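Asks: Structure in structure tokens, see below.
The values are calculated or read from the model by the stated rules, or taken from the named source; none is laboratory data. Computed from a predicted model, the values in this text were never measured in an experiment. A quick note on method: Cβ atoms are made from the backbone with ideal geometry, for glycine too, and the neighbour counts reach across all protein chains shown. With ligands, DNA and RNA removed, areas are computed over all heavy atoms of the protein, side chains included. Shrake-Rupley method; radii C 1.70, N 1.55, O 1.52, S 1.80 Å.
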Amino acid sequence: MAKMMYRDAVVSTIAEEMERDENVVMLGEDIVGGMGTPGGPEAIGGIWSTSTGLFGKFGADRVIDTPISESAIMGAAAGLALSGKRPIAELMFADFIGVSLDQIWNQLAKFRYMFGGKTKCPAVIRMAYGAGYNAAAQHSQAVHQILTGMPGLKVVMPTTPADVKGLLRTAIRDDDPVIFLEHKALYGVSGEVPDDPDFMIPFGHARLSRAGQDVTIVSTGLLLGFCEAVADKLAAEGIGCDVIDLRTTSPIDEETILDSVEVTGRLVVVDEAPPRCSLASDICATVAEKGFAALKAPPQAVNPPHTPIPFARELESAYLPSVDKIEAAVRKVLAYR
């Protein structure tokens, strides 16, 4: 198995799929960069370094620098998908979905249904999301709860480089629109990645990253590492935690969550989105409805407060769920006997 960074897993998977299928194209703002400058094409190569080298390898017809218009990017992706291409459209920041919601929500997500299943819409929409970079309220948000609630979209949130590889390949080969959410703070994280050029991870299959019998902790993305740190600390005290990495939020792996709660009787869900109508509240409600008899304590949701994300480093740190907050929630459900 090769070892690579999260961002490199993105680039290499896209390159492999573009080599495999000439219908795969990529488009977005500054994914090439440097057009018309003394440095020339790829002088920038994407602000997240997730498209570096693709222009030189595949050319301007398949790696397309777009105007600064998210609605145009998503509209073009929709048209490309209906025309037989497999577009990978990059939204530089997930916060910008607001200006392209009609194309995503009313078009991409509904084509197959409204055309009576007579067409496919194989588009991947990649977005960088999440706080921790001191990028302030308009460039730090987690928007997965909004997108997860839209029928017709598949929503993916990889945590590890291996999951990036397997889930992104599955997304590119899927015949329906897929939202692929990449946490900005994970781009530099390294991990082992399978060498198999056809390595794929099916949607709706969560990953158990820690095993225990006392508490079920559910999360994904950056916060999963916080959950693992809590589980490791409590393990030294003889407290065992199941830590479940969702991987995808639509479809969501209810079975793994409910099976775990059946054993532990206690649930803590950690979510970077604000608390109202969040993924955490949805999972807590699902377990209360379908696994109530197994519960020994009320499910606990750990979210940021219902407020815009602060810019100041100290305030942003206080805003986000932390190891201490997650540990406190775990100890709270353990207090019920």
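Asks: Restricting attention to region 162-179, report how many residues are assigned to a loop (DSSP other than H, G, I, E, B), surrounded by 18 or more Cβ atoms within 10 Å (Cβ to Cβ) and of a type in the set (D, E, K, R). Reasoning before the result, please.
Replies: So the first thing to find is which residues in region 162-179 are assigned to a loop (DSSP other than H, G, I, E, B), and the list is 174-177.
Of the ones still in play, those that are also surrounded by 18 or more Cβ atoms within 10 Å (Cβ to Cβ) are 174, 176-177.
Next cut, of a type in the set (D, E, K, R) only: 174, 176.
Qualifying residue count for the region: 2.
Asks: Quick check on my filter: what residues within region 243-260 are surrounded by 24 or more Cβ atoms within 10 Å (Cβ to Cβ) and among the hydrophobic types (A, V, I, L, M, F, W, C)?
Replies: Selection gives Val243, Ile244, Leu246.
Asks: Taking Glu192, is it touching a residue at least 40 places away in the same chain (Cβ under 8 Å), crowded, with 19+ Cβ neighbours inside 10 Å and over 17 Å from Ala81 (Cβ atoms)? Show your work before the answer.
Replies: Values: touching a residue at least 40 places away in the same chain (Cβ under 8 Å): yes; crowded, with 19+ Cβ neighbours inside 10 Å: no; over 17 Å from Ala81 (Cβ atoms): yes.
No, not satisfied.
Asks: If you don't mind, another one. Quick one: is Phe96 within 18 Å of Glu29 (Cα to Cα), out of contact with any Lys or Arg (no Cβ under 6 Å at 6 or more places or on another chain) and aromatic (Phe, Trp, Tyr)?
Replies: Working: within 18 Å of Glu29 (Cα to Cα): yes; out of contact with any Lys or Arg (no Cβ under 6 Å at 6 or more places or on another chain): yes; aromatic (Phe, Trp, Tyr): yes.
The answer is yes for Phe96.
Asks: If you don't mind, there's one more thing I want to ask. Sort out which residues of region 195-224 are free of Cβ contacts under 8 Å to residues at least 40 places away in the same chain and out of contact with any strand residue (DSSP E or B) (no Cβ under 7 Å at 6 or more places or on another chain), and write them in order of number.
Replies: Asp196, Asp198, Phe199, Met200, Pro202 - these are the residues of region 195-224 that are free of Cβ contacts under 8 Å to residues at least 40 places away in the same chain and out of contact with any strand residue (DSSP E or B) (no Cβ under 7 Å at 6 or more places or on another chain).
Asks: Now, a different point. Could you go through region 273-294 and let me know if any residue there is open to solvent by 40 Å² or more (accessible area, probe 1.4 Å), within 24 Å of Gly204 (Cβ to Cβ) and among the hydroxyl-bearing types (Ser, Thr, Tyr). It would help to see each step written out before you state the result.
Replies: First, pick out the residues of region 273-294 that are open to solvent by 40 Å² or more (accessible area, probe 1.4 Å): 276-277, 281-282, 285, 288-290, 292-293.
Checking the rest, the ones that are also within 24 Å of Gly204 (Cβ to Cβ) come to 277, 281-282, 285, 288-290, 292.
Now drop any that are not among the hydroxyl-bearing types (Ser, Thr, Tyr), which leaves 281.
Yes - at least one qualifying residue is present in region 273-294.
Asks: Okay, next question. Which members of region 250-281 meet the condition of being of a type in the set (Asp, Glu) and touching a residue at least 12 places away in the same chain (Cβ under 8 Å)? Don't jump to the end; show me each part of the working.
Replies: The first filter runs over region 250-281 and keeps only residues of a type in the set (Asp, Glu), leaving 253-255, 259, 262, 271-272.
Within region 250-281, Asp253, Glu254, Glu262, Asp271, Glu272 qualify.
Asks: Select from region 2-25 the residues that are farther than 17 Å from Asp198 by Cβ and assigned to a helix (DSSP H, G or I) and list them in ascending order. Lay out the reasoning, then the answer.
Replies: At the first step, the residues of region 2-25 found to be farther than 17 Å from Asp198 by Cβ are 3-8, 10-11, 22-23, 25.
Hits for region 2-25 are Tyr6, Arg7, Asp8, Val10, Val11.
Asks: If a residue must be hydroxyl-bearing (Ser, Thr, Tyr) and within 11 Å of Ala15 (Cα to Cα), how many such residues does region 41-77 contain? Explain how you work it out, then say what you get.
Replies: Start the filter on region 41-77 by keeping residues that are hydroxyl-bearing (Ser, Thr, Tyr), which leaves 49-52, 66, 69, 71.
Imposing the further condition that a residue be within 11 Å of Ala15 (Cα to Cα) reduces the set to 50-52.
Going through region 41-77 one residue at a time, the tally reaches 3.
Asks: Kindly evaluate Glu182 against the criterion of being surrounded by 24 or more Cβ atoms within 10 Å (Cβ to Cβ) and assigned to a loop (DSSP other than H, G, I, E, B).
Replies: Details: surrounded by 24 or more Cβ atoms within 10 Å (Cβ to Cβ): yes; assigned to a loop (DSSP other than H, G, I, E, B): no.
Judged against the criteria, Glu182 is not a match.
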